[in-house]
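Okay, so here's the structure we're looking at.
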């Protein structure tokens, strides 16, 4: 097996880390929570950072009319299938394909990951803005519009008494590393190809 | 010449004045409790934690209070032998059985001597045991929940005072009678006390994993007053030592009649020998009647069982198991040093402090050097067992603890001071006044092989003018001394709950990591637990109504109930569905003849309400739980006894 193909093999396997480690984490800090509330987003699950955190996030959020964080969402089926399929494609490419296919796989992964992030953003937006009209507490922005409680997609944001942090976790790094590695596989493959065709 | 004399005189006067000033300045800076370095020593910054836990008995409050050291801040008052309306302890249906005795429900006791469980002679921070003096009981407080989880009554005992001290691996918690009584109890003339009344020393086994208590045996001793006790440790592990007074066996005007003998005794009990005797079938099973109350954390509920027999042991039937060590003048505290060699008898009416040697005691026993016997129990010679005396250390010694560095600290009630002295040389090293009339003292780990000799807490019996006055009854006062240096240094006064007798302390790190934050809902096995709002209901069974209710921020479910009738007995079984740290909810019903409930996350508690009048009666949450706490309320409609109002309940919608 040629070196670029071995690298591509690695690239195809790395995203499987998403099945072991969380993709993202949202943390909510407030004075009353010396241990912050937190939620891990796995590719197929929401999980408590500390026991009962999601239950307690729901309890907090019901004051402003936010929906409960669902037990399961359709993405928990779609995303794992997507990763498995792209891994299989990646493996086939690693064994059978040439460097050009590495680039196609790289582009495919960039597109799918961006779509995944956009989907996550849409869910967050809905979660933060689609509020119960009978909410116990209603807040408005200075311009009079209804205040939303959408956590940031990436970064840190103050929401009422909470400071919300939203950052990728180890699973996401595995995915990113896999995607990056496929690009390296492509570049090395291309360089080698050039070398051999020059000869 | 005159001139010279004058100037010399002036110079000398000046010197005297100067040195005088110097002296007073010096003593001020030394003793002033306001000196900045002293304040820093007890200052625990906001949000920081204390280094030690102190469990201070409540005496006649029947409670055990939890303090932090060195700050002297009060964290919790744990109800043990007393009803506590704040926590519904002894009021709710779940904990009422904890206060059952063979005499029925006894909602009070005199809580005296806390002692923390030990493993291999060191404090392990799992449980605190404490004795109820009046209706003899021993309680166990679980230090993961800081709640009383077991109480066992002691039969054949009265004034359960030489209790509740644990052996080196918590094999036993020991309870000795202060008042001797007829055993078994019977109708007889009081004047026939002498020779007929007996004193029981009770060894309660502690099951190592869960701490369940069970009376292993009772040693039936001569009719003295058994005042205090302590276990042997290290080399003397396997022995237990009890001070006695009233060896005169007087039954009236004891202050005079029990103070006649020049020497009373320390009773040395080889419990390992008796344990072996009992394990081989020794002892006499005797009819008895005593309650054993156990709180189950999984059902959040206590059960009370009456036990009907107890194994008694006559000391004469186990030769070599019990000896009497003459000890001057009605000794109070009976304290064993960390090495297990020295047994201090704090002869409260004696001018000297007597210290016995365990090695010398064993030697005298081996050589059978007996001075006589008391009801067949061998008495050793005072001189043969004496290790030494601290000469004229103060007046009225009560209790001694140790710092683990070869020093002992003894309280003197009459001369109102703590005296530091050296084991082995018996010399007095330092003394510090107490304000006023100190009873007992505590060094964290002081009753173990490993004391943490940094602080001593003195618990004073008289307070007078130490704090802002509060009418005729003033708080009792504890005082904290730094004992890390050569000399003791008074750091702090702090008020205490009830009347502290003993206390027990240990580093916070032994307990803090094990302290529970909540009760997992899925582990709640209360028979009336309701684990989700969907399961809430109201069930009628004759005139008994069971309300299966839940609470979560910020509502009860159900919060409207109709169909209750005058004359019903309504049991509210209320489950707190919260699973977050420090989110209890309370509940109280207008006119309920009981206390509120204060329910921890994941817990179920029950109160009984017997409505006597038609109407619509509100209930509400009593613990400020959330921003919507004031909205956490509900109504029960009570109809006439013969009304046809259907039994219905709701949350968030009207009952049609």
Subject >> Filter result for residue B:534 (farther than 23 Å from residue B:586 by Cβ and assigned to a strand (DSSP E or B)) >> reply: no
Original post:
Which condition does residue B:540 not pass, out of (1) assigned to a strand (DSSP E or B); (2) under 26 Å from the mean Cα position of the chain (by Cα); (3) surrounded by fewer than 15 Cβ atoms within 10 Å (Cβ to Cβ), if it passes all the others?
Top reply: (2)
Original post:
Quick one: would you say residue B:426 is touching a strand residue (DSSP E or B) at 6+ places or on another chain (Cβ under 9 Å), assigned by TED's automatic domain parsing to the domain that holds residue B:315 and either within 24 Å of residue B:479 (Cα to Cα) or assigned to a strand (DSSP E or B) (or both)?
Top reply: no
Subject >> Of the criteria (1) out of contact with any helix residue (DSSP H, G or I) (no Cβ under 8 Å at 6 or more places or on another chain); (2) crowded, with 19+ Cβ neighbours inside 10 Å, which one residue B:621 fails >> reply: (1)
Original post:
Of all the strands (runs of 3 or more DSSP E) wholly in the stretch A:2-118, which have at least 2 residues that are within 14 Å of chain B (Cβ to nearest Cβ)?
Top reply: A:24-30, A:33-41
Subject >> Selected residue (criterion: surrounded by the fewest Cβ atoms within 10 Å (Cβ to Cβ)) from residues of the stretch B:545-581 that are within 14 Å of chain A (Cβ to nearest Cβ) and free of Cβ contacts under 8 Å to residues at least 60 places away in the same chain >> reply: B:577
Subject >> Tally, over the stretch A:137-161, of residues that are within 14 Å of chain B (Cβ to nearest Cβ) and under 18 Å from residue A:28 (Cβ atoms) >> reply: 4
**OP:** Would you check if there is a residue in the stretch B:627-642 being farther than 24 Å from residue A:34 by Cβ, within 14 Å of chain A (Cβ to nearest Cβ) and surrounded by fewer than 19 Cβ atoms within 10 Å (Cβ to Cβ)?
**Re:** yes
Original post:
For the stretch B:321-417, which strands (runs of 3 or more DSSP E) that fit wholly inside it have 1 or more residues that are more than 21 Å from residue B:222 (Cα to Cα)?
Top reply: B:331-336, B:342-347, B:353-357, B:386-390, B:397-402, B:407-412
Subject >> Those residues of the stretch B:70-107 which are over 20 Å from residue B:303 (Cβ atoms) and out of contact with any strand residue (DSSP E or B) (no Cβ under 9 Å at 6 or more places or on another chain), in sequence order >> reply: B:85
Original post:
For the stretch B:520-541, does any single residue satisfy the condition of being within 30 Å of residue B:73 (Cα to Cα), within 14 Å of chain A (Cβ to nearest Cβ) and out of contact with any helix residue (DSSP H, G or I) (no Cβ under 7 Å at 6 or more places or on another chain)?
Top reply: yes
Subject >> Single residue of A:50, A:56 found to be crowded, with 18+ Cβ neighbours inside 10 Å and farther than 17 Å from residue A:90 by Cα >> reply: A:56
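The values are calculated or read from the model by the stated rules, or taken from the named source; none is laboratory data. What you see is a predicted model, and the numbers here were worked out from it, not measured in a lab. Here Cβ is always computed from backbone atoms with ideal geometry, including for glycine, and neighbour counts include all displayed protein chains.
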